[in-house]
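Bear in mind that the values in this text are calculations on the coordinates, not laboratory data. Computed from a prediction, not measured in an experiment: that's the story for all the values here. With ideal geometry, Cβ positions are generated from the backbone for all residues, glycine too; neighbour counts draw on all protein chains shown.
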Amino acid sequence: MPATARSKARPPVRNPERTRERILAAALHEFAARGFAGARVDVIARRAPVNKRMLYHYFGDKGGLFRAVLRHTIARRLAYVEAQSPGGDQVLTMPLWFKQNCEGTDWVRLLAWESLQATGNSICDEAERRRVTKRSIGKIRKHQAARLLRPDVRPEFLQLAKTSLTMFPLAMPQITRLILGKSVTDKNFQRDYAKFLEAISAAFRP
C-alpha cells in the first residue's frame, strides 16, 4: 500500500459493547471449565482476545468479572424464555428452560463449580440474584392467584422443581447415562425428556 494511502487509512473503530461481549463470553467458558478459583484472567484475555489492561478497565478484577458474567447470563436466559413464550409461566415453560440448558451447558457447569467452591452461606452477587429469583416466584404466585397453576403448592417449591428438573440431567450427566443408557447430548434423549417435562408441567395445573 502506498504511503499516502496508509496515511489516510482510518484507525479501527472501537466498539466497547462488542469488546465487553467477547470478554464475557470468554469468561463464562473459563469459569465453567475451572471454577472461579481456578479461572485465569490471562486465559480469558487471550481467548477474548484483549489485553488484560482492557479487561480490568471494564470489570475491575476477577471478582467483578465473575459478577458481570452472572448478571449478563441470567439476563440473557430470562430474555430468551420471554422471547419464546411472552408472559409464559416459569413452571409451564420448563421445556424451554431445559432446551436452553442443553444449548448452554457452560452455565450449568459454572453453577456446579460455584456449589463446590462456595464457603459459608454467601454467594457472589447474592442480593441481586435473590431479587431475580423472587421476581420469578412472584410470577408463579400471580399464576396461582389466577388459577392457572395449583394454589396448594408453595411457589418457592415450584421454582425449585423447575430449576432442578431442567438442570439435573446436565449437571449430573453420568447419572443420566447410568439410568437411561444415553448421553445428555443425544437428541433423542433431549426430545423425550422435553416431552416428560411437558407432562410434569401439566401436573401443576389445577
message = Given the options I74, V43, A32, identify the residue whose Cα lies farthest towards the positive end of the charge dipole of the range 15-84 (+1 on Cβ of Lys, Arg; -1 on Cβ of Asp, Glu).
response = V43
message = I'd like the Kirkwood hydrodynamic radius of the chain, using the inverse of the mean 1/r over distinct C-alpha pairs, in Å.
response = 19.4
Sequence of F189, F31, F59 once ranked by neighbouring C-beta atoms within 10 Å, starting from the fewest = F189, F59, F31
query = Between E156 and A33, how many nm apart are label points set 7 Å from Cα along the C-beta direction?
reply = 3.8
Residue of T119, T185, T105 that the Gaussian network model of the chain assigns the largest fluctuation, springs spanning Cα pairs under 10 Å = T119
query = Around V69, what is the net charge, scoring Lys/Arg as +1 and Asp/Glu as -1 over all other residues with Cβ under 14 Å from its Cβ?
reply = +4
query = For the pair T105 and R18, what calculated FRET efficiency results from E = 1/(1 + (r/R0)^6), where r is the Cβ-Cβ distance and R0 = 30 Å, to the nearest 0.05?
reply = 0.80
inquiry  = Test of understanding: ordering K62, K162 by Cβ neighbours within 10 Å, fewest first, what list do you get?
reply    = K62, K162
inquiry  = Within 10 Å, Cβ to Cβ, of F59, how many net charges do the neighbouring residues add up to if Lys/Arg are +1 and Asp/Glu are -1?
reply    = +2
ask   = What relative contact order, as a whole-number percentage, does the range 15-84 give when Cα pairs under 8 Å and 6 or more residues apart are counted?
value = 33
task = For the range 102-118, just list the computed ³J(HN,Hα) in residue order, Karplus coefficients 6.51, -1.76 and 1.60, θ = phi - 60°, integers in Hz, with x standing in for Gly and Pro.
result = 5, 7, x, 5, 4, 5, 5, 5, 4, 5, 5, 4, 4, 5, 5, 9, 5
query = Between the range 164-188 and the range 54-128, what is the C-alpha centre distance in whole Å?
reply = 20
note = For L148, the residues 5 or more places away or on another chain with a placed amide H closer than 5 Å to its own amide H are none
Which of I140, I123 has the fewest Cβ neighbours within 10 Å, and the rest in rising order = I123, I140
task = Report the convex hull volume per residue for the range 15-84, counting only C-alpha atoms, in Å³.
result = 85
query = What net charge do the residues around R191 carry, taking every other residue with its C-beta under 15 Å from that of R191, with Lys and Arg at +1 and Asp and Glu at -1?
reply = 0
task = Keeping to pairs on different chains or 8 or more places apart, tell me how many lysine pairs in the chain have Cα atoms under 29 Å apart.
result = 21
